[in-house]
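Beneath this line is the structure, given in structure tokens, with notes to follow.
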Amino acid sequence: AQSVAQPEDQVNVAEGNPLTVKCTYSVSGNPYLFWYVQYPNRGLQFLLKYITGDNLVKGSYGFEAEFNKSQTSFHLKKPSALVSDSALYFCAVRDGGYQKVTFGTGTKLQVIP
Amino acid sequence: EPEVTQTPSHQVTQMGQEVILRCVPISNHLYFYWYRQILGQKVEFLVSFYNNEISEKSEIFDDQFSVERPDGSNFTLKIRSTKLEDSAMYFCASRVPPYGDQETQYFGPGTRLLVL
């Protein structure tokens with residue numbers, strides 16, 4: 001079984017400040033981890049992934065995430081938030097041996113001007 | 001940049017009717033998926049499809065659901081007898097090109113299904 005937890009329903013941050021959106025996961029095999037962003041009435045856009053290699057992965061729009069195996073976490077970060085970053089962010093995990101991707105419940109990011 | 005497309009963007013149907021949701025995955029991808037997102041809830045896996053057969057399915061994907069790749073480009077999800085609780089946004093996804101990033105699933109914009 002695999003699962004993802006996003007403990008915060010909403011994160012508020014001032015424009016220009018660093019942001020963190022938290023994610024922890026549980027998977028039996030090798031974790032393949034993803035972050036997607038969803039804007040209102042839109043589909044899911046891929047931001048970044050961790051499969052193997054460096055624990056710090058960089059993705060689109062200045063976002064990055066750090067894989068921490070001991071804490072089973074994959075928090076999304078950005079050094080300086082933009083108002084246009086306001087959206088719903090989903091963390092997702094796939095057990096490397098299977099097809100199914102399991103999503104977290106999503107975290108609404110609100111960047112305040 | 002290649003993308004997954006879905007039609008229609010919105011579908012309204014009466015309970016008990018059959019609906020077919022259509023997807024055109026990225027052309028050289030090999031794996032295809034359907035997910036759904038009930039309003040305000042998380043995205044849930046329905047089914048994966050590879051080499052013209054279902055490779056995995058969730059407990060949600062019961063006998064009223066079926067998938068098909070009728071030609072070289074389309075990938076469809078059929079719901080035989082819709083229920084009120086089938087109202088959701090349905091996302092198609094694909095992955096695994098011949099080379100490059102083989103792990104990322106790329107999602108379409110979704111079809112919003114409303115069952116009355």
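The values are calculated or read from the model by the stated rules, or taken from the named source; none is laboratory data. A quick note: this is a predicted structure, and the numbers were derived from the prediction, not measured. Virtual Cβ from ideal backbone geometry, glycine too; neighbours counted across all protein chains shown. Heavy atoms of the whole protein, side chains included, go into the accessibility calculation; ligands, DNA and RNA do not. Shrake-Rupley method; radii C 1.70, N 1.55, O 1.52, S 1.80 Å.
What to note about this one:
- Taking 7 Å steps out from each Cα toward its Cβ at B:Gln102 and A:Asp54 produces label points 2.3 nm apart.
- A cut-off under 13 angstrom between Cβ atoms defines the neighbours of A:Glu15, and their net charge, with Lys, Arg +1 and Asp, Glu -1, is 0.
- A Förster distance of 25 Å, applied to the separation of the beta-carbon atoms of B:Leu39 and A:Thr20, puts the FRET efficiency at 0.35.
- In order along the range A:7-24, the Karplus-derived 3J(HN,Hα) couplings, from 6.51 cos²θ - 1.76 cosθ + 1.60 at θ = phi - 60°, round to x, 10, 5, 9, 10, 10, 8, 7, 3, x, 7, x, 10, 9, 10, 8, 8, 10 Hz, and Gly and Pro are given as x.
- Remark: the range A:36-91 carries 50 Å² of accessible area per residue (probe radius 1.4 Å; ligands, DNA and RNA excluded).
- Chain B: translational diffusion in µm²/s, Stokes-Einstein, Kirkwood Rh over Cα pairs, 37 °C, 0.692 mPa s: 231 µm²/s
- Taking Cβ atoms as reference points and 10 Å as the exclusive limit, the residues near A:Thr102 contribute a net charge of +1, counting Lys and Arg as +1 and Asp and Glu as -1.
- Taking Lys and Arg as +1 and Asp and Glu as -1, the other residues whose beta-carbon sits under 12 Å from that of B:Glu53 total 0.
- Separation of the range A:22-52 from the range B:76-116 is 17 Å, based on Cα centroids.
- Only protein heavy atoms count here; under a 1.4 Å probe, A:Ile112 has an accessible surface of about 80 Å².
- Quotient of Cα Rg and 2.2 N^0.38 Å for the protein assembly as shown, N being how many residues it contains: 1.02
- P(r) weight above 19 Å for chain A, C-alpha pairs, percent: 40 percent
- Here is the result for the range B:21-58: no GluC sites (Glu not before Pro) lie in DSSP coil with at most 16 other C-beta atoms within 10 angstrom of their C-beta.
- The trypsin sites (Lys or Arg not before Pro) of the range A:4-87 that meet both conditions, a loop assignment by DSSP and at most 11 other Cβ atoms within 10 Å of the site Cβ, are A:Lys69.
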